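The values are calculated or read from the model by the stated rules, or taken from the named source; none is laboratory data. For clarity, every value in this text was computed on a predicted model and none was experimentally measured. FYI the Cβ positions are ideal-geometry reconstructions off the backbone, even for glycines, and counts take in every protein chain you see. Heads up: the accessible areas ignore ligands, DNA and RNA and are worked out on the full protein's heavy atoms, side chains in. Shrake-Rupley method; radii C 1.70, N 1.55, O 1.52, S 1.80 Å.
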Amino acid sequence: MDGEERRRSDAQRRRSDAQRSIMTDSNITGDLRIPERVTLKKEIGLLSACTIIIGNIIGSGIFISPKGVLEHSGSVGLALVVWMLGGGIAALGSLCYAELGVTIPKSGGDYSYVTEIFGGLVGFLLLWSAVLIMYPTTLAVIALTFSNYVLQPVFPHCVPPYMATRMLSAICILFLTWVNCYSVRLATRIQDVFTVGKLLALGLIITVGLMQIYGGNYESLTPQVAFRFDKPPSIGQIALAFLHASFAFSGWNFLNYVTEELVDPRRNLPRAIYISIPLVTIVYTLTNIAYFSSMSPDELLSSNAVAVTFGEKLLGMFSTLMPISVALSTFGGINGYLFTSSRLCFSGAREGHLPSLLAMIHFKHCTPIPALLVCCTATIVILCIGETHNLINYVSFINYLSYGVTIAALLYYRWKKPNLYRPIKVNVLVPLCYLLFWALLLGFSLHSEPLVCGVGLVIMLTGIPVYFLGVYWKDKPKCIYDFIEWATYLGQRVFFVVFPQFDPIEVTPEWTDKTSATSKASGPF
C-alpha cells in the first residue's frame with residue numbers, strides 16, 4: 001500500500017511539474033496564461049444539439065445503404081418498410097437514451113451508463129469495441145464516401161483510384177481533427193452549417209423525386225410492382241436489410257456523449273432527440289421514394305454512387321451539384337463523428353479505463369486534443385485496411401449489440417434503484433419493445449451471417465484480457481508505471497494539456513465524488 005501511495009504521490013508531482021512547465025512556456029511566449037479553472041465549455045445549445053444528432057445520422061449512410069437494404073429486402077416496397085421501421089426503432093432507442101442521459105448526467109453515452117450500472121468490465125468491452133473498430137470504421141466509411149463523391153466528376157467513367165480516395169480521405173480527417181483541436185465553437189459552427197447543407201442536398205433529391213411522381217413516373221412505387229419479389233427474402237436477409245438501414249441511422253445516440261458540454265442538458269437533451277429523430281426518418285423515407293421514382297431496382301443495385309446516378313438521370317447539366325452536395329454532407333458527418341467519438345475516449349480515460357493523458361484538455365482551447373488524435377490515428381489505420389461494405393456489416397452488428405446492452409441496463413437500473421430521481425421516465429413498454437426487436441434482429445443476423453457477426457463478437461471479447469491486464473491488475477512492476485508517468489508527462493508538455501475541473505452544479509453528488517476521484521487518479525496502465 002505504501003508503494004501505491006508513493007506511486008500516486010510521484011504521479012501527482014509529475015503532473016504538477018508539467019502544469020508549471022506549461023505555464024512557464026506560455027509566459028515566455030507572452031500571449032497565453034493558464035486560467036484558474038480549466039473545464040469543458042458549455043457551448044452546445046438546442047440548435048447545435050439538433051445539428052449534432054442530425055449531422056451524425058445523415059452522413060454517408062443514406063447514400064450507401066439504399067443499395068444494401070434493397071439487395072437484402074428483395075423489393076422496393078419492403079425496402080421502404082425497412083426504412084420506416086428503422087426510424088421507428090431508432091426513436092424507441094433514443095427515448096431510452098434520453099432517460100439515461102438526464103438520470104446519469106455524464107458524457108460518454110452508452111459506455112458511461114453501462115459502466116455505472118453493470119460495472120467496469122462490461123463498460124470496458126463497449127469502450128474497447130467502440131475505440132478499436134466501431135467509430136474509427138464509421139469515420140473511415142464516411143471519409144471514403146466523401147472522397148469517392150469528390151473524385152467522381154474527375155473520373156466519370158471509372159472507379160476513382162484506390163490511393164487517391166485514401167489520400168483525400170486522410171487529408172479531410174486530418175483537417176477536421178485540427179479544427180476540433182482548435183475550438184469547440186468552430187467545430188459546432190461547422191456542424192451547424194454543413195447540417196443545413198446536407199438537408200438542402202436531400203431536399204433537392206426529394207423535390208426532384210416528387211416532381212417525377214407528380215408527372216406520373218411512379219410505376220415502381222405502385223403496390224403490385226413494389227411488393228413483387230423475384231425471390232422471396234429469408235428472415236435472415238430481412239435482418240441484414242435492417243442492419244444496413246441501422247448503419248444509416250447510427251449516430252442517434254451521439255448527443256449523449258457530450259452531455260457535460262450541453263447548455264441545460266435536462267431540457268435540451270430530450271428536446272433535441274424529439275425534434276431530430278422524426279425529422280431524419282421522414283427525410284430518409286422521402287429520399288428513398290425519390291430514388292425509386294426515377295431509378296429501377298436494377299439501376300440502383302448496379303450504381304456505385306446512387307445520388308450521382310440519380311443526378312445524371314434527372315438534373316442534366318446541373319448533375320455535378322449532386323456529388324458536391326453529397327461531399328458536403330459527408331464532410332459534416334466526419335466532423336460530427338470526430339467531435340463526439342473523441343469524447344468517448346475522454347470519458348473512458350476519466351473513468352480509469354484508458355491512459356490518463358486522454359482525459360486531459362488543452363489549457364486554453366479546452367479541447368481534448370490527445371483523445372482527438374487517438375480517434376484520428378485509428379481512423380487512418382482503418383482506411384488503409386478495410387473495404388466499405390464489409391466494414392458496414394461489422395459496425396452495424398457491434399452497434400446494435402451495444403444499444404441492446406445499454407437499454408437492458410436501463411431496465412436493470414430501474415429495478416436496482418427504483419427511488420432514484422428521473423426527470424424523464426419512459427413507459428416500460430418502450431425498452432421492452434426495443435429489446436424484443438433487438439434480440440430477433442441479432443439472432444437472425446447470427447444465423448444468416450455467422451462469420452461477420454462472429455468477427456464482431458471476437459473483436460469485443462478480445463477486450464477481456466486487456467481489461468484484466470491493464471485495468472484490474474493493480475500491482476504492476478514499477479518500470480511500467482514509470483514509463484506511463486513519463487509518457488503522460490511528455491504528452492502534457494507536447495500538447496499543453498491538463499486535467500479539467502468539473503462543475504458540481506451540473507453533476508449530482510453521486511457522480512461528483514466519482515468524477516473527482518477518477519480525474520485525480522493516474523491512468524489504468
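Return the residues of segment 49-91 that are of a type outside the set (A, V, I, L, M, F, W, C), farther than 14 Å from PRO297 by Cβ and modelled with pLDDT of 85 or more; say none if nothing qualifies.
Our first condition is that a residue be of a type outside the set (A, V, I, L, M, F, W, C); within segment 49-91, this holds for 51, 55-56, 59-61, 65-68, 71-75, 77, 86-88.
If we keep only those that are farther than 14 Å from PRO297 by Cβ as well, we get 51, 55-56, 59-61, 65, 86-88.
Correct list: GLY86, GLY87, GLY88.
Name the residues in segment 108-137 that are out of contact with any helix residue (DSSP H, G or I) (no Cβ under 7 Å at 6 or more places or on another chain) and either under 15 Å from MET460 (Cα atoms) or of a type outside the set (Asp, Glu) (or both), would you? Can you show your working first?
Initial filter on segment 108-137 (out of contact with any helix residue (DSSP H, G or I) (no Cβ under 7 Å at 6 or more places or on another chain)): 116, 119.
If the condition is that a residue be out of contact with any helix residue (DSSP H, G or I) (no Cβ under 7 Å at 6 or more places or on another chain) and either under 15 Å from MET460 (Cα atoms) or of a type outside the set (Asp, Glu) (or both), then GLY119 is the only one that fits.
What's the number of the only condition in (1) touching a Pro at 6+ places or on another chain (Cβ under 9 Å); (2) open to solvent by less than 10 Å² (accessible area, probe 1.4 Å) that PRO423 fails to meet?
(2)
Given the residues SER94, SER129, which is the only one that is buried (at least 22 other Cβ atoms within 10 Å of the Cβ), hydroxyl-bearing (Ser, Thr, Tyr) and within 13 Å of the chain's Cα centre (by Cα)? Don't jump to the end; show me each part of the working.
Values: SER94 fails: within 13 Å of the chain's Cα centre (by Cα).
Of SER94, SER129, the one residue that is buried (at least 22 other Cβ atoms within 10 Å of the Cβ), hydroxyl-bearing (Ser, Thr, Tyr) and within 13 Å of the chain's Cα centre (by Cα) is SER129.
Give just the number: which of (1) surrounded by 15 or more Cβ atoms within 10 Å (Cβ to Cβ); (2) in a helix (DSSP H, G or I) does PRO160 not satisfy?
Single failed check for PRO160: (2).
Which ones in segment 267-284 are open to solvent by 20 Å² or more (accessible area, probe 1.4 Å) and closer than 18 Å to PHE242 by Cβ?
THR281
Please work out which one of (1) hydroxyl-bearing (Ser, Thr, Tyr); (2) closer than 25 Å to LEU204 by Cβ; (3) in contact with a Lys or Arg (Cβ under 9 Å, 6 or more places away or on another chain) is the condition TYR284 fails and give its number.
Failed condition: (3).
Just the residues that are open to solvent by less than 40 Å² (accessible area, probe 1.4 Å) and either touching a His at 6+ places or on another chain (Cβ under 7 Å) or in a loop (DSSP other than H, G, I, E, B) (or both), please, taken from segment 217-255.
THR222, PRO233, GLY236, LEU240, ALA241, HIS244, SER250, GLY251, TRP252, ASN253
Find all pairs meeting these conditions: Cβ atoms under 6 angstrom apart; at least six residues apart or on different chains; first residue within segment 100-113 and crowded, with 24+ Cβ neighbours inside 10 Å; second residue part of a loop (DSSP other than H, G, I, E, B) and among the hydrophobic types (A, V, I, L, M, F, W, C).
Pairs found: TYR113/ILE104.
Looking at segment 443-465, can you tell me whether even one residue there is in contact with an Asp or Glu (Cβ under 7 Å, 6 or more places away or on another chain) and surrounded by fewer than 20 Cβ atoms within 10 Å (Cβ to Cβ)? Working first, answer last.
To start, the set of residues in segment 443-465 that are in contact with an Asp or Glu (Cβ under 7 Å, 6 or more places away or on another chain) comprises none.
There is no residue in segment 443-465 that is in contact with an Asp or Glu (Cβ under 7 Å, 6 or more places away or on another chain) and surrounded by fewer than 20 Cβ atoms within 10 Å (Cβ to Cβ).
Return only the number of the condition from (1) basic (Lys, Arg); (2) outside any helix (DSSP H, G or I); (3) open to solvent by less than 10 Å² (accessible area, probe 1.4 Å) that LYS364 does not satisfy.
Looking at each condition in turn, LYS364 falls short on (3).
Part of a helix (DSSP H, G or I), β-branched (Val, Ile, Thr) and surrounded by fewer than 24 Cβ atoms within 10 Å (Cβ to Cβ) - does that describe any residue in segment 330-339? It would help to see each step written out before you state the result.
Quick first cut of segment 330-339, residues part of a helix (DSSP H, G or I) only: 330-339.
Narrowing further to those that are β-branched (Val, Ile, Thr): 330, 334.
Filter once more, keeping what is surrounded by fewer than 24 Cβ atoms within 10 Å (Cβ to Cβ): none.
No: segment 330-339 contains no residue that is part of a helix (DSSP H, G or I), β-branched (Val, Ile, Thr) and surrounded by fewer than 24 Cβ atoms within 10 Å (Cβ to Cβ).
Would you be able to say whether some residue in segment 221-239 is among the polar types (S, T, N, Q) and without any contact (Cβ under 8 Å) to a residue 24 or more places away in the chain?
Just the residues of segment 221-239 that are among the polar types (S, T, N, Q), to begin with: 222, 224, 234, 237.
Subset that is without any contact (Cβ under 8 Å) to a residue 24 or more places away in the chain: 222, 224.
Among the residues of segment 221-239, at least one is among the polar types (S, T, N, Q) and without any contact (Cβ under 8 Å) to a residue 24 or more places away in the chain, which makes the answer yes.
Take the conditions assigned to a helix (DSSP H, G or I), modelled with pLDDT of 90 or more and crowded, with 20+ Cβ neighbours inside 10 Å and apply them to THR165. Does it pass?
On the way: assigned to a helix (DSSP H, G or I): yes; modelled with pLDDT of 90 or more: yes; crowded, with 20+ Cβ neighbours inside 10 Å: yes.
So THR165 passes the test.
For segment 295-324: of the residues being among the polar types (S, T, N, Q), out of contact with any Gly (no Cβ under 7 Å at 6 or more places or on another chain) and modelled with pLDDT under 80, which is surrounded by the most Cβ atoms within 10 Å (Cβ to Cβ)?
So the residue we want is SER303.
Name the residues in segment 65-86 that are more than 21 Å from GLU219 (Cα to Cα) and crowded, with 24+ Cβ neighbours inside 10 Å, would you? Even if it seems obvious, please write down each step before you answer.
The initial filter retains those residues of segment 65-86 that are more than 21 Å from GLU219 (Cα to Cα), namely 65, 68, 72, 85-86.
Within segment 65-86, SER65, GLY86 meet the criteria.
Helices (runs of 4 or more DSSP H) wholly in segment 437-508 with at least 1 residues that are within 23 Å of the chain's Cα centre (by Cα), at pLDDT 90 or above and under 22 Å from LEU121 (Cα atoms) - which ones?
Values: elements: 450-461, 463-467, 478-495.
Result: 463-467.
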